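Structure record follows, encoded as structure tokens.
The numbers here are math on the coordinates, done by the rules we state, and not lab data. All figures in this text were calculated on a predicted structure; none of them were measured in a lab. Quick reminder, even Gly has a Cβ in these numbers, built from the backbone with ideal geometry, and neighbours come from all protein chains shown.
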Amino acid sequence: MHQLKRLTEKHQHIMGLALDGLTRTEIAHEVGMTPEGVGNVLNSDVFQHQLARRRDGIEKSVDEQRITERQTAETVLTRHATQAAQTQVDLMQRGSEKVRQVAAMDILDRAGYPKITKQQSSNQNVNINVSSELIERMNQASQECFGEPMKFRPEEYANGEDES
């Protein structure tokens, strides 16, 4: 088998076709050689060396292109994420109550706060310690303002402690 010393223009064309994924037979048909002749060119040391260098160059170029595209996408997304967050803040400051509520919930959700469902919020107990004296004063104020005392009796809500 004859070893190539350098690659001709035809050999460079064969390399391009090989890099494009063509088979020996397809390359042979394209360049007017026999499949065996193309095989000799493809298997030569100088061809393999140049092919490896081209592949490395192509891979490096493709990798650099991917990195650049990824960085560009991250930049665009970051810019738009800032605009989207500002839109949510703007929605919280104006619009209907429902729009403000949804915007606030979305901001809290994206900030990592757990979502509170209606069931969770309505099932929470609130304990307020109110002295009997305060209840009596509230009853008096209600009598003066509305002509009747509040329907709130300390004994109904007593928890065994009296602050007075």
If Lys and Arg each add +1 and Asp and Glu each add -1, what is the summed charge of the other residues whose beta carbon sits under 14 Å from the beta carbon of Glu59? +2
Once the other residues with Cβ under 13 Å from the Cβ of Ala104 are scored (Lys, Arg +1; Asp, Glu -1), what is the net sum? +1
Listed with the fewest Cβ neighbours within 10 Å leading, Val99, Val41 appear as Val99, Val41
Neighbourhood net charge (15 Å Cβ-Cβ; Lys/Arg +1, Asp/Glu -1) for Gln48: +4
FRET efficiency estimate (nearest 0.05) - Cβ-Cβ, Asp63 to Gln101, R0 41 angstrom: 0.30
Can you tell me the FRET efficiency between Arg110 and Gln140 if r is taken as the Cβ-Cβ distance and R0 is 45 Å, rounded to the nearest 0.05? 0.35
Which whole-angstrom value gives the distance between the alpha carbon centres of region 80-115 and region 1-51? 62
